[in-house]
Amino acid sequence: MIDLHNRREFLSNATVATFAAGVSLSGTRSYADTSPNNRVIVGVMGLSRGQYLASGFARQQNVEVKYVCDVDSTRIGPIAKKLESDTGKAPQQVGDFRRILDDQVCAAPNHWHAPATILACAAGKHVYVEKPCSHNPREGELMVEAARKYNRAVQMGCQRRSAEGWIEAVQRLHQGVIGRVYLARSWFAKPRGSIGIGVPGAVPPHIDYELWQGPAPRRPYLSNVLHYNWNWLWHWGNGELGNNGVHRLDLCRWAMDVDFPIRVTSSGGRYDWKDDQETPDTHAVCFEFPENRQITW
């Protein structure tokens, strides 16, 4: 079990850890090459978003989903059974991701993304990590340092940049099809229900809550946190901006060919529900960039 209670301490010691998450792909040559040496073997950690990743990987030529892993044992069996039905081969079912160090895909909560990436780099793996790359900015810097130190290729995916339509659209914008692009508006509007008030209690026997908390400082188990509402608690998540806003903002930055903003204005709050949610349920943000350019969300 992970017994480090301080996130900073966990990250500072991550380079000598003996377990990793993130995506670790072995055999990265052309999928068209049928050599067994070029076969991609993956294990998927976190079977909420991860079930879709596992299905996507399983459909690729020369890719084998060898492991499916989750701290909740009730989620593993059905997904393993579906993959066996789809591919004719059953993946191994694992509760502790450290058993699949060699081949992993991380689709875990936000507070695991940076430690998972750092640990995978330390284990000599190239990494694909889903958005957001980290729980906070400093963790992102540590991820870059790890990639440089271990000479690993690390990519954060926002699930848009490989789409042919978006690639063509951005190319045309960069070519000046509508002139100078100085303003981009993005949004996400979804009526989410209340998460209610959590009830303290014993951790269900099918959930490894200690492992789920991982690098985060310990908090007692509440009935309304797993498996999704952690997004709305600052301790583990980043609200809708870090959940869905990342996708839209990435497209805007790509299209406008901008890097870091020089000023950010944020306004909003919890206007809708009175519950345990900490992050805004109503939020507007403006990002200003050099040369008089702006993105809103």
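Structure values in brief
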| quantity | calculated |
| --- | --- |
| Selected residue (criterion: nearest to residue 244 (Cα to Cα)) from residues of segment 131-160 that are in contact with a helix residue (DSSP H, G or I) (Cβ under 7 Å, 6 or more places away or on another chain) and of a type in the set (S, T, N, Q) | 159 |
| Residue list for segment 45-85, filter: open to solvent by 30 Å² or more (accessible area, probe 1.4 Å), part of a loop (DSSP other than H, G, I, E, B) and within 19 Å of residue 204 (Cβ to Cβ) | 48 |
| Residue match in segment 99-106 (condition: open to solvent by 70 Å² or more (accessible area, probe 1.4 Å), part of a loop (DSSP other than H, G, I, E, B) and at pLDDT below 80) | yes |
| Candidate set: segment 132-176, residues that are among the β-branched types (Val, Ile, Thr) and within 27 Å of residue 285 (Cα to Cα); chosen: the one surrounded by the most Cβ atoms within 10 Å (Cβ to Cβ) | 170 |
| Enumeration of residues in segment 222-245 that are crowded, with 18+ Cβ neighbours inside 10 Å, in contact with a helix residue (DSSP H, G or I) (Cβ under 8 Å, 6 or more places away or on another chain) and not in a helix (DSSP H, G or I) | 226, 236, 237, 238 |
| Selected residue (criterion: most open to solvent (accessible area, probe 1.4 Å)) from residues of segment 270-292 that are touching a helix residue (DSSP H, G or I) at 6+ places or on another chain (Cβ under 9 Å), within 21 Å of residue 188 (Cα to Cα) and not acidic (Asp, Glu) | 283 |
| The one condition in (1) farther than 30 Å from residue 94 by Cβ; (2) in contact (Cβ under 8 Å) with a residue 60 or more places away in the chain that residue 260 fails to fulfil | (2) |
| Number of positions in segment 229-259 that are charged (D, E, K, R) and in contact with a Cys (Cβ under 7 Å, 6 or more places away or on another chain) | 1 |
| Test result for residue 222, in contact (Cβ under 8 Å) with a residue 60 or more places away in the chain, out of contact with any Ser or Thr (no Cβ under 9 Å at 6 or more places or on another chain) and more than 18 Å from residue 272 (Cα to Cα) | no |
| Given (1) surrounded by 16 or more Cβ atoms within 10 Å (Cβ to Cβ); (2) at pLDDT 95 or above; (3) of a type outside the set (A, V, I, L, M, F, W, C), index of the condition residue 248 fails | (2) |
| Candidate set: segment 161-214, residues that are outside any loop (DSSP other than H, G, I, E, B) and closer than 24 Å to residue 112 by Cβ; chosen: the one modelled with the highest pLDDT | 200 |
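The values are calculated or read from the model by the stated rules, or taken from the named source; none is laboratory data. Note that the structure is predicted; figures quoted are calculated from it, not measured. Heads up, the Cβs are rebuilt from the backbone with ideal geometry, glycines too, and the neighbour counts pull from every protein chain shown. Each accessible area value is taken on the protein alone, full model and side chains, heavy atoms only, with ligands, DNA and RNA left out. Shrake-Rupley method; radii C 1.70, N 1.55, O 1.52, S 1.80 Å.
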